[in-house]
1. Would you mind telling me the share, in percent, of accessible area of the chain contributed by carbon and sulfur at probe 1.4 angstrom?
2. Return the loop-located trypsin sites (Lys or Arg not before Pro) in region 234-264 (DSSP other than H, G, I, E, B) with at most 14 other Cβ atoms within 10 Å of their own Cβ; answer none if there are none.
3. First check a/c for region 1-153, with a ≥ b ≥ c the square roots of the eigenvalues of its C-alpha gyration tensor; if it is under 1.5, answer rounded, and if not, answer prolate when a/b is larger than b/c or oblate otherwise.
4. Which distance in Å, rounded to a whole number, links the C-alpha centroids of region 162-200 and region 208-222?
5. Rolling a 1.4 angstrom probe over the protein chains, ignoring ligands and nucleic acids, what is the accessible area of ILE273 in square angstrom, nearest 10?
6. Picking from ALA226, ILE208, PHE251, whose Cα lies most toward the positive end of the charge dipole for region 193-289 (charges on Cβ: Lys, Arg +1; Asp, Glu -1)?
7. Trypsin sites (Lys or Arg not before Pro) within region 193-227: which are DSSP loop residues with at most 12 other Cβ atoms inside 10 Å?
8. Over the residues of region 140-289, compute the C-alpha Rg and express it relative to 2.2 N^0.38 Å.
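The values are calculated or read from the model by the stated rules, or taken from the named source; none is laboratory data. Remember, predicted model here, so these are calculated numbers, not experimental data. Heads up, the Cβs are rebuilt from the backbone with ideal geometry, glycines too, and the neighbour counts pull from every protein chain shown. Protein only, heavy atoms only, side chains kept; ligands, DNA and RNA dropped before computing areas. Shrake-Rupley method; radii C 1.70, N 1.55, O 1.52, S 1.80 Å.
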Amino acid sequence: MTRAQLIDGKVIALELRKKIREETAALIKQHDVKPGLAVVLVGEDPASSVYVRNKGIATKKAGMESFTHQLPADTSERDLLQLVAQLNQDASVHGILVQLPLPKQIDTDKVLQAIDPDKDVDGFHPINAGRLMTGQPGHVPCTPKGCVMLAKSVLPDLTGLEAVVVGRSNIVGKPVAQLLLNENCTVTIAHSRTKDLASVIQRADLLIAAVGLPEFIRGDWIKPGACIIDVGINRIDLEDSKTRLVGDVAFNEAVAVAGSITPVPGGVGPMTIAMLLVNTLDAAKRQIR
Ligand code: GUN
């Protein structure tokens, strides 16, 4: 039985991070500007804490300045907005990322809209979403950018492909659909309420799975030879209180049908941090006057 080609996000992300490190060194040498990324974490959600720590480590490894702001879980919206305003004004901070989700006393949209769009390295500000939709330069969300780079590592030209995106979040589904449209794909956005999802997915030459449901997409839904980018990171419980990470696609089934597929972990995950560094470097370059 043939097996799909594995798309190794760890290797591709490491290569990209090496390039970023070199470009960062060049920026420091030529312009005396050290890119700075501020990451704000409110509360102590364990998964968010790990992400934030990893972002800080990766930033420093790239030769950039890392500023981490850890605030207590009961931080008021006013105090968080005040910190964002201060970071907007700080010339040593080129990128600002407020880790989501935020505690319920804080209006997430209000906070995201308070970030200077030019420092919005997450690309979540409505101005950046609008720029992406209308083809103007701006910051593009990291995970969608990573998905497209992984797809292009096996399919350099995506023109004319049937792309199906499963999931419609502002963080992944909607922006990745827009990026694939820019790559000349015919794009369908499906979701958990799509009627006969299996037959929609069956059309996909390129499938982006971002529904957040463990092994939801089964092998017999997949078009033979398709490229599968699995954004899902779902922790499932096993016996003996052990856990395992699985994607949104049933990997063991899909690998026998697809042409290429990302593993979970080690696929999309490592690309997100690499793209955050790309966006931070880009922000620093654009802020040079
Ligand atoms: N939480 C989960 N993914 C993300 C992300 O890409 N950016 C931020 N800020 N928070 C997240």
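1. Within the chain, the accessible surface is 52 percent carbon and sulfur.
2. LYS242
3. Because a/c hits 1.5 or more and a/b exceeds b/c, region 1-153 counts as prolate.
4. 13 Å
5. ILE273 exposes around 30 Å² with every protein chain in place.
6. ILE208
7. Filter output for region 193-227: ARG193, LYS195.
8. 1.06
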